[in-house]
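What follows is one structure encoded as structure tokens, with my remarks underneath.
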Amino acid sequence: MKFQCVSLWLLGIMLILCFVDSHSLRKCLISTDMHHIEESFQEIKRAIQAKDTFPNVTILSTLETLQSIKPLDVCCVTKNLLAFYVDRVFKDHQEPHPQILRKISSIANSFLYMQKTLRQCQEQRQCHCRQEATNVTRVIHDNYDQLEVRSAAIKSLGELDVFLAWIDKNHEVTSSA
């Protein structure tokens, strides 16, 4: 009788640990002020989107790719898209207006901070990159590469609200403010 109770107890603990592993740990905690990032973007959105010479082309939102990401791939796709914005979009964008440049720099700095957080998750083996996640980011890079660099950077900046909304929806976000 004691053996059955212990066995059931161990089985229950194993099920709980599997549930926690597959549901809680797949979402890494992003500690940043998303409201500040969203406000910064809203202040420059109209100016950025007015420069977009390809209004019928999209880079992020074409495929509904972000909506189809499986929970196990959220961390990896987030990490990859943060790197995409930091390494390509922000660097490729040439902004002549100092006020807009300050807002973009503020967003870029927040993205760098989020990258650091996700790097820690990856080091703790909580951020796995499966083939599906790699394919999604490859498609986004391909969309970007189909446009001239300046146009692609403007287009991607104009679609930043799509990415920010997706982060809000898919990550447990805490304010660092």
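The values are calculated or read from the model by the stated rules, or taken from the named source; none is laboratory data. It should be emphasised that the depicted structure is a prediction, and the values quoted were computed from it without experimental measurement. Backbone-built Cβ (ideal geometry, glycine too); neighbour counts: all protein chains shown. The protein model used for the area step is the full one, side chains on, heavy atoms only, and it has no ligands, DNA or RNA in it. Shrake-Rupley method; radii C 1.70, N 1.55, O 1.52, S 1.80 Å.
At a glance:
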{"quantity": "Residue in the stretch 142-161 that is under 17 Å from the mean Cα position of the chain (by Cα), among the β-branched types (V, I, T) and in a helix (DSSP H, G or I) present", "calculated": "no"}
{"quantity": "Filter result for Y113 (hydroxyl-bearing (S, T, Y), open to solvent by 20 Å² or more (accessible area, probe 1.4 Å), within 21 Å of M34 (Cα to Cα) and modelled with pLDDT of 90 or more)", "calculated": "yes"}
{"quantity": "Lone unmet requirement of (1) farther than 17 Å from I37 by Cβ; (2) of a type outside the set (D, E, K, R); (3) open to solvent by 20 Å² or more (accessible area, probe 1.4 Å); (4) in a helix (DSSP H, G or I) for H128", "calculated": "(4)"}
{"quantity": "Pairs where the first residue, in the stretch 112-138, is under 24 Å from S68 (Cα atoms) and the second is open to solvent by 50 Å² or more (accessible area, probe 1.4 Å), C-beta under 6 Å, 6+ apart", "calculated": "Q126/L25"}
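Residue by residue, here is whether (1) among the hydroxyl-bearing types (S, T, Y); (2) closer than 25 Å to D73 by Cα holds:
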{"residue": "S105", "(1), (2)": "yes, no"}
{"residue": "Y113", "(1), (2)": "yes, yes"}
{"residue": "T137", "(1), (2)": "yes, yes"}
{"residue": "I140", "(1), (2)": "no, yes"}
